[in-house]
Amino acid sequence: MKIFDRATVRRHRDRAAPGLDHYGFLFAEVAERLAERVDDVLRDFPLVLDLGSHGGDLARLLPGRKGISTVISCDLSEAMVAQAPGAAVVCDEEFLPIAPNSVDLVVSNLSLHWVNDLPGALLQARAALKPDGFFLAALFGGETLKELRDSLAAAEIELEGGLSPRVSPFVDVRDAGALLSRAGFSMPVVDTETITVTYEHPLKLMNDLRGMGESNAVHERRKGLSRRETLLTAVENYLDTHADDEGRVPATFQIVWLAGWAPHDSQPQPKAPGSATVSLADVLGTHPPSCSS
Amino acid sequence: MSEAPRTVDPKLLEILVCPLSKGPLTYDPQAQELISPQAGLAYPIRDGIPIMLIDAARQLDGEGA
């Protein structure tokens, strides 16, 4: 099923590339956090693949840490990867052109939410990893832009009598762990954090989203301009519900972190049920009352 | 940003495969293309960046060498 129009994703990213210094603050912030998480892993990763690299934030941050010598930036947008330092390739995460068992670490910073086939993309990322390679990705979670989504929905219901898909569907935390397992990762870990950005005005937020290359690319979105009245009402709703004393508004970005390992014999394996030879009660020295003398 | 034209990173060349067939690619430095004999496609390299998109590839005609 095609949810996202990938050609539109590409066009939005191409258009956003020149202004990334100005609008890319959220990508830069999450890239820093991602690099810190890589620092915490007790392993070296000589060769790294960055899926959906935007302008190459991670190719600037990662080399030199954890034995990382090469970061390959890949993105759907040529204008984005052209800004990345070092090795770069234009590719579609849904058709990853990387040989199996070839990289030590796959990272992805706020890009996989535009992929139609997330299980397929995760599977291809896992296949690209060498055994015992590590995968770490930040995705936008379901709480992202909830204020904007609610304000738009209320305005549309009021003025147009129905909803159109304006804000991307995001991954649900509860599904994320299962997705990782399904893609063949061992020891999958999922956690979330919330970043709240305060804006002078809801219109500034909408402008920023466009600047980040994150405007709507849902396939079934309504083509053409939104009704001016609907947008104005949405802005009013946003201000009414969320503005602080000075009229500033919050925007929630929920980051879902996905981590997992490409399977390897050295990793802990669960034993087969019933294979234990020693009673747990013996080890703990706690015998059930009925057995004690 | 740098004056010298970018060349494809050798480590990248080593691990690239055709996104369609997942088969091996041959590098044509003259034409600046990566050729996938299995898929019958040639992917362009622009300024050292391989463009590994199926809809950006050139269709190879006839029998490839």
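The mean number of partner chain beta-carbon atoms within 10 angstrom of a residue's beta-carbon across peptide B:7-19 is 6.
For residue A:40, the shell of other residues with beta-carbons less than 12 Å away shows a net charge of +3, using +1 for Lys and Arg and -1 for Asp and Glu. Amide H contacts under 5 Å for residue A:201: A:249, restricted to partners 5 or more places along the chain or on a different chain, H placed in the peptide plane at 1.01 Å from N. Remark: region A:203-213, residue by residue, has Karplus-estimated 3J(HN,Hα) of 5, 5, 4, 4, 5, 5, 4, 5, x, 7, x Hz, where x stands for each Gly or Pro and the curve is 6.51 cos²θ - 1.76 cosθ + 1.60 at θ = phi - 60°. Secondary structure note: in chain A, about 55% of the DSSP beta bridges are antiparallel.
Averaged over peptide A:99-109, the number of partner chain Cβ atoms lying within 10 Å of each residue's Cβ comes to 2. Couplings for region B:20-32, taken from phi via the Karplus curve 6.51 cos²θ - 1.76 cosθ + 1.60 with θ = phi - 60°, read 8, 8, 6, x, x, 10, 10, 8, 10, x, 5, 7, 6 Hz in order; Gly and Pro are left as x. For the cross-link pairs A:2/A:130; A:130/A:271; A:2/A:204; A:146/A:204; A:271/B:22, the ones whose C-alpha atoms lie over 28 Å apart are A:2/A:130; A:2/A:204; A:271/B:22.
Listed highest first by mean packing, meaning other Cβ atoms within 10 Å per residue, what order do B:30-38, A:143-151, A:185-193 come in?
Taking the mean over residues of other Cβ atoms within 10 Å, the ranking is A:143-151, B:30-38, A:185-193.
Relative to the longest principal axis of the Cα atoms of chain A, helix A:25-39 runs at roughly 10 degrees. Residue by residue, region B:37-53 carries 3J(HN,Hα) couplings of x, 5, 8, x, 10, 10, 8, x, 10, 10, 6, x, 10, x, 9, 8, 10 Hz when phi is fed to the Karplus relation 6.51 cos²θ - 1.76 cosθ + 1.60 (θ = phi - 60°); x denotes Gly or Pro. Distances between placed amide hydrogens fall under 5 Å for residue A:144 paired with A:254, all partners being 5 or more residues away or on another chain.
Which of rounded, prolate or oblate describes the protein assembly as shown when judged by the alpha-carbon gyration tensor and an a/c cut-off of 1.5? Oblate shape, in that a/c is at least 1.5 and b/c is the bigger or equal ratio. Specify the angular offset, from 0 to 90 degrees and rounded to the nearest 10, of the alpha carbon long axis of helix A:146-160 from the longest principal axis of the alpha carbons in chain A. Roughly 40 degrees between the two axes.
Quick check: from the Cα gyration tensor, does region A:241-291 come out rounded (a/c under 1.5), prolate or oblate?
Verdict is oblate for region A:241-291.
Against chain A, whose longest principal axis is taken from its Cα atoms, helix A:6-16 shows a tilt of about 70°. Putting +1 on Lys and Arg Cβ atoms and -1 on Asp and Glu Cβ atoms, find which of B:8, B:21, B:32 reaches farthest to the positive end of the dipole of chain B. Farthest along the dipole direction, towards plus: B:21. About the centre of its Cα atoms, the protein assembly as shown shows a dipole size close to 640 debye [charges on the beta carbon of Lys, Arg (+1) and Asp, Glu (-1) only; nearest 20 debye].
For region A:258-285 versus region A:67-106, the spacing of their alpha-carbon centroids is 36 Å. Distance between Cα centroids, region A:1-57 to region A:174-194: provide it in whole Å. The distance from the Cα centre of region A:1-57 to that of region A:174-194 comes to 19 Å.
Amide H contacts under 5 Å for residue A:132: A:262, A:264, restricted to partners 5 or more places along the chain or on a different chain, H placed in the peptide plane at 1.01 Å from N.
For chain B, the dipole from Cβ point charges (+1 on Lys and Arg, -1 on Asp and Glu) about the Cα centre works out to 160 debye, to the nearest 20. Across peptide A:85-96, the mean count of Cβ atoms from other chains lying within 10 Å of each residue's own Cβ comes to 6. Between residue B:26 and residue A:201, the modelled labels are 6.1 nm apart [label points 7 Å from Cα along Cα→Cβ].
Taken together, the values in this text are just the output of simple stated rules run on the coordinates, not laboratory data. Source: prediction; values computed, not measured. Methodologically, a virtual Cβ is constructed for each residue, glycine included, from the backbone with ideal geometry; neighbour enumeration extends over all protein chains shown.
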